[in-house]
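Read through the structure below, which is laid out as structure tokens, and then see the notes.
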Amino acid sequence: MDHTRIASQPQAYVHVQSKIDDFFGRFKIATLMHRCGVRKHHGHSVRSLTEAIFTLPFVGKNFFRGIVLNNDLPFGKDAAYQLLKGETYNWRRLLLSLGRRVFGVFNRLTSDERESVLIIDDSPYDRSRSKWVELLSNVWDHSTGRFLKGFRMLTICWSDGTSCLPMDFALLSSADAKKRLCDSQKILDKRSCAYQRRKEATEKATAHLEAMVKRILSTGVSAKYLLMDSWFTMPATVVTLAQHLKVIGMVKKSPNIHYSYNGVGMDLMAIYRRLKKRPGRAKILASADVMLNDEVAAKLVFVRDKRKKDWLALLSTNTKLADEEVVRIYGKRWDIEVFFKMAKQHLKLTKEIQCRDFDALIAHTSIVFMRYMFLAYQCRIETDQRSFGDLFYACCEEMADISFMQALYRILTLAADQLKQMGTFCERTATALFDAIMENALQCVGLSKNNLAIV
């Protein structure tokens, strides 16, 4: 058993490496890196360095064991750290460019009737054991209800309900200087990507949403709806984002947030009390048309909360959408939660590398997001029969071109060829029988024998 296990490890590594090489080659990642300023100054190519870091979780190693202590690599640890700490490398553009190309593959496999969506959410980037990480701050964790040391990872994903692609992100520190535990000490050119990243890290999350959505849509990525959780579905934010996409989001119950219902400003609870509820154990309790800041029309859909005896509210800027469709489309927001869990637990987002440099955190996070794109691509091409390429379409055309009568004619003709070897009597009897069958069948469908061309 030990010999089998030891012998199978190199084979598994070769199999994984071949898949990764094919992914890098098919989407021309080296070319994209060159266009995004991630270029070689000396030594080994940036593709070999990036691919070595990219492969680590798929072979069960972290950065220290796979790069720092690995003597089998043709480059040293300094080359890998230099790649991650590059101040002029535009990793955000690289991630979006790769996402656009993978989207092009998925979009051909997605029906026009299926609603593709953009999903906005944030998740804590935990660095609780760190002290001197650049721009480290105290951030609020919604899931645990407490503060932790780290960052807020604001992310936008594209999803068609089957596959999910992380398109853009921002690592956010605190906008309050008192909550930042370690400020930036680097002297940077204000035109560099590093300076811009640090500047946006100290701004509020809502200040980035419109720019991120516009940046994704400008590349050609298409979506019908923008999905958000209750932390982002505020009237002012929805009004801004509704200029680019129809918005569907969960609404927070707050007496400070008002909507215009029948010309009167009310909070969510007051609107719910005035509505007539559906009888029985209906999942959708009621709905109402409202106005947001007297600018954008929206629909509020109230649904039953399964976790407790309460209700939840969804908001849609598409007022013509049925209540059931609003709930169904919002269910696609769960894809980004699956992405966060996969990135943290299996792709080693926060535990693989312990760099203190903010640029290194951005670069490593981008590589982790690229790993998830690789997994989504492999899963799609191995499970979706439409991804088999020309062979699938050729088979579909072949089956469409061959009618029942042509198939019957082929079978009988092949049978007659086999009976020719059995003697004259058998051949004459079989031919007469087959001709009688085909004449009767052709009369039923109104064809002649000349219409049946053997392909």
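The values are calculated or read from the model by the stated rules, or taken from the named source; none is laboratory data. Since this is a predicted model, take the numbers as computed values, not measurements. Every residue, glycine among them, receives a Cβ derived from its backbone with ideal geometry; neighbour counts consider all protein chains shown. Just the protein is used for accessible areas: all its heavy atoms, side chains included, with ligands, DNA and RNA removed. Shrake-Rupley method; radii C 1.70, N 1.55, O 1.52, S 1.80 Å.
Observations on the model:
- Rounded D (µm²/s) - the range 57-100, Kirkwood Rh over Cα pairs, Stokes-Einstein at 20 °C, 1.002 mPa s: 174
- Residue separation of Thr144 and Lys308 scaled by 0.36 nm, minus their Cα-Cα distance, works out to 57.1 nm of gained length.
- Candidate cross-link partners of Lys179 among the aspartates and glutamates, defined by an alpha-carbon separation under 17 Å and a same-chain spacing of 8 or more, comprise Asp126, Glu134, Asp141, Glu200, Glu203.
- Sites Asn256 and Arg356, calculated FRET efficiency, Cβ-Cβ separation with R0 45 Å, nearest 0.05: 0.70
- 30 Å Cα-Cα threshold exceeded, pairs from Lys186/Lys344; Lys85/Lys204; Lys149/Lys252; Lys149/Lys253; Lys224/Lys308: Lys224/Lys308
- Put Ser260, Ser218 in order of accessible area, highest first, and with a 1.4 Å probe you get Ser218, Ser260.
- Selection from Tyr272, Tyr259, Val303, by position along the positive dipole direction of the range 236-316 (Cβ): Val303
- Counted charge near Arg47, where neighbours are those whose Cβ lies closer than 15 Å (Asp, Glu -1; Lys, Arg +1): +2
- Around the amide H of Val247, modelled in the peptide plane, lie the amide H atoms of Leu226, Thr317, Asn318, all under 5 Å away and 5 or more residues distant in sequence or on another chain.
- Selection from Ser184, His208, Met234, by position along the positive dipole direction of the range 76-235 (Cβ): Ser184
- Converting phi to 3J(HN,Hα) with the Karplus coefficients 6.51, -1.76 and 1.60 and the offset θ = phi - 60°, the range 261-270 yields 10, 6, x, 10, x, 9, 7, 5, 5, 5 Hz in sequence order, with x at every glycine or proline.
- Estimated FRET transfer efficiency when R0 is 30 angstrom, pair Arg26-Ser111 (beta carbons, to 0.05): 0.80
- When you filter the GluC sites (Glu not before Pro) in the range 61-153 for DSSP loop state and at most 11 other Cβ atoms inside 10 Å of their Cβ, you are left with Glu113.
- Equivalent-ellipsoid semi-axes for the range 66-124 (Cα gyration tensor, √(5λ), whole Å, largest first): 36, 15, 12.
- Quotient of C-alpha Rg and 2.2 N^0.38 Å, computed over the range 23-81: 1.15
- Rounded to the nearest 20, the size of the Cβ-charge dipole of the range 75-125 about its Cα centre is 320 debye, with Lys and Arg at +1 and Asp and Glu at -1.
- Computed accessible area, Met250, all protein chains, 1.4 angstrom probe, square angstrom: 40
- Separation of the Lys186 and Leu69 label points, Cα + 7 Å toward Cβ, nm: 2.9
- Placing R0 at 45 angstrom, the Cβ-Cβ distance between Ala322 and His346 gives a FRET efficiency of 0.75 after rounding to 0.05.
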